[in-house]
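*Asks:* Okay, here's the structure, questions in a sec.
The values are calculated or read from the model by the stated rules, or taken from the named source; none is laboratory data. No experiment lies behind these values; they were computed from the predicted model shown. As a convention, Cβ positions derive from the backbone with ideal geometry for all residues, glycine included, and neighbour counts pool all protein chains shown. Ligands, DNA and RNA are excluded from the accessible area calculation, which covers all protein heavy atoms including side chains. Shrake-Rupley method; radii C 1.70, N 1.55, O 1.52, S 1.80 Å.
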Amino acid sequence: MPPGAEENILIEEFNKSMSKLGVLNENRFDFNFPVRRFSEYRQDILEELIKLRTLLSPDLILLPASADHHQDHKVIYEEGVRAFLRSSSILGYELPWNIRSFDVQHIVELSEENFENKITAIQEYKSQVEIGRSYFSKNFIRGLAETRGIQGGFKLAEAFEVIRIYG
């Protein structure tokens, strides 16, 4: 975080980002687990995910990919699979800065409008842009979208790991 950043800055940025994407307040959930300590709260995280499964009955779950090395992402992946494996399709998304190897199994075309909406939402994480996270740059994100597009026969695309197709 940048020096002097407010304690809840990431939550504020998350909400601004979700607003840009049109996600309604009632469809956002903040559990406020301490960053980089999710492993200490595995069971609590699982229980919250099970509550969400019951409340929402989602068809599709997007989780960090199974090969993501970030400690918190790993917990979300593992507990997400436990919570949703028998009820939902699950795709793992790619965060290249945390993954040494990614198995592209499903590619989804992005329109230019989809891409610009993604950039607009990501740019709401001003604290991360301010500290120079290169993976928040439009050039990096476009390069990855173009690479995945070439792989899928599109101009722009997103790639996913297929964890489970349900139904």
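*Asks:* Between the DSSP loop rule and a limit of at most 14 other Cβ atoms within 10 Å, which trypsin sites (Lys or Arg not before Pro) in the range 112-147 are left?
*Replies:* For trypsin sites (Lys or Arg not before Pro) across the range 112-147 that sit outside H, G, I, E and B with at most 14 neighbouring Cβ atoms in 10 Å, the list reads Arg133.
*Asks:* List the GluC sites (Glu not before Pro) within the range 72-124 that DSSP assigns to loop and that have no more than 12 neighbouring Cβ atoms inside 10 Å.
*Replies:* Qualifying residues, ordered by number: none.
*Asks:* Sort Ile90, Ile99, Ile50 by heavy-atom solvent-accessible area, probe 1.4 angstrom, most to least.
*Replies:* Solvent-accessible surface, decreasing: Ile50, Ile99, Ile90.
*Asks:* For an R0 of 35 angstrom, estimate the FRET efficiency from the Cβ-Cβ distance between Lys138 and Lys51 and round to the nearest 0.05.
*Replies:* 0.45
*Asks:* Could you pull out every one of the aspartates and glutamates with an alpha carbon less than 12 Å from that of Lys16, ignoring same-chain neighbours closer than 8 positions?
*Replies:* Glu124
*Asks:* Probe of 1.4 angstrom, ligands and nucleic acids ignored: what's the accessible area per residue over the range 47-155, in square angstrom?
*Replies:* Per residue, the range 47-155 has an accessible area of 58 Å².
*Asks:* Looking at the range 60-167, which chymotrypsin sites (Phe, Trp or Tyr not before Pro) are in a loop (DSSP not H, G, I, E or B) and have at most 15 other Cβ atoms within 10 Å?
*Replies:* Tyr166
*Asks:* Here is a further query. Leu62 versus Asn25, label points 7 Å from Cα toward the beta carbon: distance in nm?
*Replies:* Modelled inter-label distance: 2.4 nm.
*Asks:* Convert each backbone phi in the range 97-105 into a coupling constant with the Karplus relation 6.51 cos²θ - 1.76 cosθ + 1.60 (shift: θ = phi - 60°), then list the ³J(HN,Hα) values in order as whole Hz, x for Gly and Pro.
*Replies:* 6, 10, 10, 8, 8, 9, 8, 6, 10
*Asks:* Nearest 5 is fine: what % of DSSP beta bridges in the chain come out antiparallel, could you say? Spell out each step's value before the answer.
*Replies:* Working: 8 of 13 bridges.
Counting only bridges with both partners in the chain, antiparallel ones make up about 60 percent.
*Asks:* With each run of n ≥ 4 DSSP H residues scored as -39500 (n - 2.57), what mean residue ellipticity at 222 nm is computed for the chain after dividing by its residue count and rounding to the nearest 500 deg cm²/dmol? Walk me through the intermediate numbers first.
*Replies:* On the way: 6 runs with 72 residues, N = 167.
Taking each H run of at least 4 residues, the total per residue is -13500 deg cm²/dmol.
*Asks:* Let me ask something additional. For Lys155, list the aspartates and glutamates whose Cα falls under 13 Å from its own Cα; do not include residues on the same chain fewer than 8 positions away.
*Replies:* Glu109, Glu112, Glu113, Glu146
*Asks:* If you don't mind, another one. Using a cut-off of under 20 Å, list every residue of the range 127-154 whose amide N is near the label point 7 Å from the Cα of Trp97 along the Cα-to-beta-carbon line.
*Replies:* 127-148
*Asks:* Mean 1/r over all different Cα pairs, inverted: what Kirkwood radius does the range 68-167 give, in Å?
*Replies:* Its Kirkwood hydrodynamic radius stands at 14.9 Å.
*Asks:* For Leu10 and Glu109, compute 0.36 nm times the residue count separating them, minus their Cα-Cα distance, and round to one decimal in nm.
*Replies:* So the chain would gain 32.8 nm between Leu10 and Glu109.
*Asks:* Which ³J(HN,Hα) values, rounded to whole Hz and listed in residue order, are derived for the range 33-38 from phi using the Karplus coefficients 6.51, -1.76 and 1.60 in 6.51 cos²θ - 1.76 cosθ + 1.60 with θ = phi - 60°, glycine and proline given as x?
*Replies:* Values per residue, Gly and Pro as x: 6, x, 4, 6, 10, 4 Hz.
*Asks:* Which one is right for this structure if volume of the Cα convex hull per residue in Å³ is calculated from it: [x] 114; [y] 139; [z] 124?
*Replies:* [z]
*Asks:* Using a Gaussian network for the chain with springs between C-alpha atoms less than 10 Å apart, which of these wobbles most: Leu56, Leu95, Leu21?
*Replies:* Leu56
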